[in-house]
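Since every read-out is calculated from the coordinates, none of them should be taken as a lab result. It should be emphasised that the depicted structure is a prediction, and the values quoted were computed from it without experimental measurement. Virtual Cβ from ideal backbone geometry, glycine too; neighbours counted across all protein chains shown.
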Amino acid sequence: MGDFSKAFMISGLITRMTQALQINLEYNTDILCQNNDTGLTVTEKESRRRLMWSCYVMDALVGSGVDQLTLVDEKDMKIQLPCNERNFVQQIPCLTETLETGNCLKFMSDHVDNKTILPNMGMMAYFVRHISIRKKVLR
């Protein structure tokens with residue numbers, strides 16, 4: 001409690017590790033896991049996303065909207081937002097939006113309907129959006 005220098009050190013370390021492991025990028029373009037030979041399961045892909053978004057939230061909270069104190073930039077986040085808990089627990093692959101409201105991943109087909117994406121958005125996805133807006137307001 002109140003040990004801010006340690007929080008900055010841990011935040012910086014975590015951010016560099018996420019960039020080195022490239023978990024800010026989708027593992028592959030097979031988001032809906034139609035090809036079983038891609039290496040990771042639905043749960044593993046979603047866990048990577050959730051880990052990265054957790055690191056983003058921590059970085060945004062530690063930085064308090066000051067650009068010099070944050071290391072994760074929104075433009076570097078090339079993953080979709082976390083899905084709802086039901087899909088995660090039942091291992092159902094699905095599409096969600098990116099941090100930019102109303103957009104899905106660029107490499108996904110253009111015929112993706114946003115009405116089918118919105119039910120897949122979970123509480124964690126909206127929390128990440130809330131933190132992003134908070135960061136912009138503080139900036």
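So here's what we get for this one:
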{"quantity": "Theoretical ellipticity at 222 nm over the chain - DSSP helices of four or more residues, -39500 (n - 2.57) apiece, nearest 500", "calculated": "-15000 deg cm²/dmol"}
{"quantity": "Charge tally in the Cβ shell below 15 Å around residue 47, where Lys, Arg are +1 and Asp, Glu are -1, residue 47 excluded", "calculated": "0"}
{"quantity": "Neighbourhood net charge (12 Å Cβ-Cβ; Lys/Arg +1, Asp/Glu -1) for residue 65", "calculated": "+2"}
{"quantity": "Relative exposure of 76, 67, judged by other C-beta atoms within 10 Å (fewest first)", "calculated": "67, 76"}
{"quantity": "Distance (nanometres) between label positions extended 7 Å along Cα→Cβ at residue 4 and residue 123", "calculated": "3.1 nm"}
{"quantity": "Cα principal axis extents for the chain, largest first, Å", "calculated": "46, 30, 25"}
{"quantity": "Total lysine pairs under 15 Å (Cα atoms) in region 4-138, excluding pairs fewer than 8 apart on one chain", "calculated": "5"}
{"quantity": "Relative contact order of the chain, defined on C-alpha pairs under 8 angstrom at six or more residues apart (%)", "calculated": "26 percent"}
